Amino acid sequence: MSALPSADPLLALGIISAPAHVERRAQLRPFLAADDDIIFKFVLGHTTTNIIAEIKAYGRSEPDVVLLDASEGGGVGCVDKSFAWWRHAIVAYPNAAFIGKTD
């Protein structure tokens, strides 16, 4: 983001993503960073140990990525990551006026 978010953000937005979608995340950042009242996080999950290191590597290079305990792929990943985002967001952003999610 261009500036530090306020203590009470208007919206905490979880964007369901996949580890390999580095370019898609890069394309979205300029649009999302334009509003300082929105905190956004790209939501990634994991299910097997062989991809955990790869996902964590993305998270280190992309500070707006959050790695949650959720399935990654396999036909249920989007739903699993959505529920994981809701659980995470209400704890991580308790003062947000709204919590949202998109794909």
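What's the local net charge at Asp8, with K and R +1, D and E -1, over the other residues with C-beta under 15 Å away? Neighbourhood net charge equals -3. With every protein chain in place and a 1.4 angstrom probe, the accessible-area ranking of Val76, Val65, Val91, largest first, reads Val91, Val76, Val65. Distance between the pseudo-spin-label points of Ala20 and Asp36 (7 Å out from Cα toward the beta carbon): 3.9 nm.
For the peptides 8-15, 19-26, the ranking by mean Cβ contacts within 10 Å, running from highest to lowest, is 8-15, 19-26. For the pair Gln27 and Phe83, a Förster radius of 30 Å applied to the C-beta separation gives a FRET efficiency near 0.70, rounded to the nearest 0.05.
Amide H contacts under 5 Å for Phe42: Ile15, Val65, Val66, restricted to partners 5 or more places along the chain or on a different chain, H placed in the peptide plane at 1.01 Å from N. A simple count of charges around Arg24, restricted to other residues whose Cβ falls under 12 Å of its Cβ and scoring Lys, Arg +1 and Asp, Glu -1, yields -1.
The values are calculated or read from the model by the stated rules, or taken from the named source; none is laboratory data. Worth saying up front: this structure is predicted, and the values here are computed from it rather than measured. We place every Cβ from the backbone using ideal geometry, glycine too, and count neighbours over all the protein chains shown. Surface accessibility is based on the protein's heavy atoms, side chains included, excluding ligands, DNA and RNA. Shrake-Rupley method; radii C 1.70, N 1.55, O 1.52, S 1.80 Å.
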